[in-house]
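Report on the following structure.
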Amino acid sequence: MAAAVTRRLHALRVEAPDGHAVADVESGRGASEGADTPVAKRVVDAKDDVWVAADEGDVPGTGRPLLFRTMKVKGSILHPYRFLILARLIAVVAFFAWRVKHRNHDGGAWLWATSMVADTWFGFSWLLNQLPKLNPVKRVPDLAALADQHGEANTNLPGIDVFVTTVDPVDEPILYTVNTILSILAADYPVDRYACYLSDDGGTLVHYEAMVEVAGFAALWVPFCRKHCVEPRSPENYFGMKTRPYVGSMAGEFVRDHRRVRREYEEFKVRIGSLASTIRQRSDAYNSSSGKGVGARATWMADGTQWPGTWIEQAENHRRGQHAGIVQVILNHPSCKPQLGSPASTNNPFDFSNVDTRLPMLVYISREKRPGYNHQKKAGAMNVMLRVSALLSNAPFVVNFDCDHYINNSQALRAPMCFMLDPRDGHNTAFVQFPQRFDDVDPTDRYANHNRVFFDGTMLSLNGLQGPSYLGTGTVFRRVALYGMEPPRYRAEKIKLAAGKADEFGSSTSFVNSMPDAAIQERSITPVLVDEGLGGDLAALMTCAYEDGSSWGRDVGWVYNIATEDVVTGFRMHSQGWRSMYCSMEPAAFRGTAPINLTERLYQVLRWSGGSLEMFFSHSNALLAGGRLHPLQRVAYLNMSTYPIVTVFILAYNLFPVMWLFSEQFYIQRPFGEYIVYLVGVIAMIHVIGMFEVRWAGITLLDWCRNEQFYMIGATGVYPTAVLYMALKLVTGKGLHFRLTSKQTEACSGDKFADLYTVRWVPLLIPTVAVLVVNVAAVGAAIGKAATWGFFTDQARHVVLGMVFNVWILVLLYPFALGIMGQWGKRPVILFVMLVMAIGAVGIVYFTLHTPYPAEWSEVAASLGKTSLTGGPSG
């Protein structure tokens with residue numbers, strides 16, 4: 001429902017010569033326009049039966065329009081939702097009181113006590129999760145109001161520095177990275193008011209030369225996007241679409257331009273794909289020439305100089321963890337005036353005579369690496385970019401992307417400015433967080449990669465408090481908030497560094513002097529000349545020793561020593577009194593890739609959950625934050641940092657059924673029938689509350705079901721492993737290494753989702769497999785017991801009630817079972833047959849071993865024994 005500046009254009013459907021539809025719109029107006037104009041938005045809002053506009057007015061005395069609208073959940077939905085939360089809280093308290101009154105006194109007292117501890121933690125964890133959700137709020141940027149305020153050309157918008165991070169061109173395929181950079185260079189934002197930085201933490205020449213190729217192709221791709229209003233502006237994703245809405249004004253030239261640009265892009269991809277072999281062949285040729293093959297075999301750049309970063313054949317001072325710092329300005333800062341392209345000619349088939357062909361500034365960075373230093377992974381690379389960009393562009397706002405996230409909506413950089421520049425509380429807003437959306441996820445989203453419950457539910461809830469947490473990518477920051485400055489509402493004066501405080505930011509005078517300018521939010525980007533003096537300052541800012549004795553990594557920049565540096569960095573800002581905003585646009589502002597392989601997905605969640613526990617056992621504990629943190633925001637951060645702990649009890653509950661195999665009957669609580677009724681009631685209330693959240697979050701039942709299923713998959717393996725990791729770290733002082741989530745795919749042209757059916761067996765899978773086996777066996781044993789005792793006995797009824805729990809666990813673990821089946825997982829019916837056979841086999845075995853001989857059989861055996869002893873009857 002995001003607002004957009006739209007155009008009234010003639011539109012039509014255009015077919016490409018190869019038969020693929022390249023544009024598809026209805027006549028009269030662009031297809032993407034109708035729902036985005038302010039008038040259309042009001043119509044959509046009027047029909048919205050969930051969200052209503054909050055009562056807002058202009059800020060007195062400012063004379064400036066509001067740049068975003070606040071929307072709240074209708075009372076007819078919100079009030080019953082809150083009532084149900086209160087009702088469940090009362091039900092949980094009543095449940096505990098009943099359990100204490102009917103505690104076990106027999107041999108199962110230990111089991112009762114254990115379950116009471118577990119249920120107490122379940123209740124506490126649920127409360128931590130539910131309280132921050134009492135006031136969900138949606139905020140919609142008004143891009144039309146932003147355009148009105150800043151003029152038709154929007155030439156006075158503030159400057160933005162865009163940060164992109166990458167490490168390994170194999171685990172993070174370089175094609176993702178170049179498409180991300182191209183989408184940034186083609187964004188719909190004043191060209192001279194933003195700059196793009198790529199941090200290559202591996203220091204590889206292939207990334208640098210890829211950026212050189214990007215600069216060349218961008219000279220064609222960016223004007224093409226501007227001329228024809230292309231969406232999205234990542235060429236791989238754009239050309240991969242079967243139909244695309246055309247909203248440009250030159251439909252007659254579009255098909256011809258489209259065909260030629262696509263051909264150029266295919267050639268560009270070939271060059272990118274062959275870079276590694278090209279660099280190796282070039283280096284071999286240089287090393288084999290006169291005298292250059294002696295000693296270490298260097299990696300050579302195209303200009304005949306040795307690459308200062310990591311070599312193909314690593315050598316001293318040219319290893320992944322040992323090389324000099326590198327800063328290369330690939331595209332210089334453009335001029336302030338538009339530069340129109342050339343008309344079509346014999347040598348140039350593209351008519352860009354009415355298109356601005358300027359390109360934003362593009363900079364390649366690889367920080368210094370030396371043995372003996374903890375380089376702090378992504379957080380360290382981001383802090384180096386923050387310092388280097390301060391001397392090159394020093395934009396007041398900073399955006400960070402992972403290398404596989406591209407700009408999907410060309411106006412995505414404008415939307416956060418609606419929040420940052422809003423007259424109400426914009427100057428106290430530290431960052432704007434966008435939801436993460438993903439491409440190439442399997443249609444059923446087997447492993448909940450879309451995570452809509454979190455992005456469209458939890459984040460909107462936090463939006464009604466102090467704001468959403470920082471989620472690592474797709475985030476726009478106020479630069480001074482990253483510097484650790486307090487928000488203006490708590491700052492007595494404008495930013496003014498005391499001489500004694502400058503050491504907190506390191507020894508660079510140039511960097512410290514740049515900080516006051518960064519606080520001017522209307523500031524643009526000032527072009528600089530990278531001379532010898534500036535080059536020396538940049539080199540100093542990238543050294544490993546620069547941060548020694550400073551506050552970088554704790555009170556300044558991205559936070560160190562915690563795997564989830566994103567959440568902790570946002571927490572620090574909220575603790576200082578800053579607020580954040582959540583911005584959702586249509587089409588989605590940014591899109592990226594997600595691991596659809598089970599093992600890679602579990603490793604990703606392991607890193608997140610381990611980092612959450614690290615946060616709890618650090619100086620970033622929510623309980624230690626000052627009074628500027630909103631009370632419910634504190635509760636939310638406490639929940640974020642402790643949620644894996646509860647899964648230890650979930651794992652124990654899931655393994656309890658193993659006792660059914662060795663004991664005729666055991667009871668967690670007596671009377672068992674009433675206990676089951678209470679349990680079903682409090683669990684059912686959770687799901688009813690969940691249905692209300694599905695309603696106001698605008699997600700589907702499938703999204704909700706997948707979230708429930710993947711939570712159980714994580715709760716039986718990944719989360720308890722994270723707890724074990726944290727316990728070992730607290731005892732030994734040494735943590736475990738969290739591996740980078742591989743974004744490389746094994747998918748071939750014949751199967752887009754081949755990774756989904758690839759099994760990579762690792763120890764992380766064992767606990768969940770054990771839970772699966774135990775509950776299958778428990779269901780079989782329950783059926784065997786019921787058959788042994790009689791299906792209509794009280795004992796059988798208790799067994800069937802207990803079996804409901806086991807079946808529920810199996811339903812939740814269904815995606816995991818499909819995942820470990822590999823290629824057989826393509827046919828779920830096979831899994832169903834296997835489960836039925838396994839349950840049936842266990843039931844038959846149990847019945848066979850525990851069924852007593854019938855009475856008549858016993859009499860026959862006794863008579864036969866008596867006859868044999870007396871020698872038989874006389875005859």
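In table form, for the structure just shown:
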item: Selection within the range 581-618 - within 20 Å of residue 379 (Cα to Cα), open to solvent by less than 10 Å² (accessible area, probe 1.4 Å) and among the hydroxyl-bearing types (Ser, Thr, Tyr); result: 609
item: Residue list for the range 240-273, filter: modelled with pLDDT under 95 and of a type in the set (A, V, I, L, M, F, W, C); result: 241, 247, 250, 251, 254, 255
item: Selection from the range 34-76 of residues that are among the small types (Gly, Ala, Ser), open to solvent by 70 Å² or more (accessible area, probe 1.4 Å) and either modelled with pLDDT under 70 or under 31 Å from the mean Cα position of the chain (by Cα) (or both); result: 46, 53, 61, 63
item: Qualifying residue in the range 106-116 (condition: open to solvent by less than 30 Å² (accessible area, probe 1.4 Å) and either within 30 Å of residue 336 (Cα to Cα) or among the small types (Gly, Ala, Ser) (or both)); result: yes
item: Matching residues in the range 830-848 - criterion: being in contact (Cβ under 8 Å) with a residue 60 or more places away in the chain and not aromatic (Phe, Trp, Tyr); result: 838, 839, 840, 841, 842, 843, 844, 845
item: Selection count, the range 300-323, where residues are closer than 17 Å to residue 200 by Cα, open to solvent by 40 Å² or more (accessible area, probe 1.4 Å) and part of a loop (DSSP other than H, G, I, E, B); result: 5
item: Condition check for residue 695: modelled with pLDDT of 85 or more and open to solvent by 50 Å² or more (accessible area, probe 1.4 Å); result: yes
item: Filter result for the condition that a residue is open to solvent by less than 50 Å² (accessible area, probe 1.4 Å) and either in contact with a helix residue (DSSP H, G or I) (Cβ under 6 Å, 6 or more places away or on another chain) or aromatic (Phe, Trp, Tyr) (or both), over 173, 132; result: 132
item: Among (1) open to solvent by 10 Å² or more (accessible area, probe 1.4 Å); (2) among the aliphatic types (A, V, I, L, M); (3) not in a helix (DSSP H, G or I) - the single one residue 629 does not satisfy; result: (1)
item: Subset of the range 79-105 [of a type in the set (Gly, Ala, Ser) and open to solvent by 40 Å² or more (accessible area, probe 1.4 Å)]; result: 94, 97
item: Only one of 566, 537, 548, 531 that is of a type in the set (Asp, Glu) and buried (at least 22 other Cβ atoms within 10 Å of the Cβ); result: 566
item: Answer residue from the range 226-261, given it is among the hydroxyl-bearing types (Ser, Thr, Tyr) and touching a residue at least 60 places away in the same chain (Cβ under 8 Å) and is most open to solvent (accessible area, probe 1.4 Å) among those; result: 249
item: Hey, residue 264 part of a helix (DSSP H, G or I), open to solvent by 50 Å² or more (accessible area, probe 1.4 Å) and either among the aromatic types (Phe, Trp, Tyr) or out of contact with any strand residue (DSSP E or B) (no Cβ under 7 Å at 6 or more places or on another chain) (or both) or not; result: yes
item: Near pairs, Cβ below 6 angstrom, 6+ apart or cross-chain, from the range 328-354 (under 30 Å from residue 388 (Cβ atoms)) to any residue that is in a loop (DSSP other than H, G, I, E, B) and open to solvent by less than 70 Å² (accessible area, probe 1.4 Å); result: 331/359; 334/358; 339/357; 339/358
item: Members of the range 353-386 that are under 30 Å from residue 226 (Cβ atoms), assigned to a loop (DSSP other than H, G, I, E, B) and in contact with a Phe, Trp or Tyr (Cβ under 8 Å, 6 or more places away or on another chain); result: 360
item: Failed item in (1) among the β-branched types (Val, Ile, Thr); (2) without any contact (Cβ under 8 Å) to a residue 12 or more places away in the chain; (3) in contact with a Cys (Cβ under 8 Å, 6 or more places away or on another chain), with residue 184 passing the rest; result: (2)
item: Selected residue [surrounded by fewer than 21 Cβ atoms within 10 Å (Cβ to Cβ) and in contact (Cβ under 8 Å) with a residue 60 or more places away in the chain] from 162, 178, 137; result: 137
item: Residue check, residue 78 touching a residue at least 24 places away in the same chain (Cβ under 8 Å) and either out of contact with any helix residue (DSSP H, G or I) (no Cβ under 9 Å at 6 or more places or on another chain) or of a type in the set (A, V, I, L, M, F, W, C) (or both); result: yes
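The rows are residues; the columns are (1) of a type in the set (A, V, I, L, M); (2) open to solvent by 10 Å² or more (accessible area, probe 1.4 Å); (3) touching an Asp or Glu at 6+ places or on another chain (Cβ under 9 Å).
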| position | (1), (2), (3) |
| --- | --- |
| 188 | no, yes, no |
| 205 | yes, no, no |
| 220 | yes, yes, yes |
| 224 | no, no, yes |
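Yes or no, residue by residue, for (1) at pLDDT 90 or above; (2) out of contact with any strand residue (DSSP E or B) (no Cβ under 6 Å at 6 or more places or on another chain); (3) in a loop (DSSP other than H, G, I, E, B):
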position: 761; (1), (2), (3): yes, yes, yes
position: 765; (1), (2), (3): yes, yes, no
position: 776; (1), (2), (3): yes, yes, no
position: 780; (1), (2), (3): yes, yes, no
position: 787; (1), (2), (3): no, yes, no
position: 791; (1), (2), (3): no, yes, yes
position: 798; (1), (2), (3): no, yes, no
position: 802; (1), (2), (3): no, yes, no
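The values are calculated or read from the model by the stated rules, or taken from the named source; none is laboratory data. This is a predicted model, so every value here is computed, not measured. Here Cβ is always computed from backbone atoms with ideal geometry, including for glycine, and neighbour counts include all displayed protein chains. Side chains included, ligands, DNA and RNA excluded: accessible areas come from the protein's heavy atoms. Shrake-Rupley method; radii C 1.70, N 1.55, O 1.52, S 1.80 Å.
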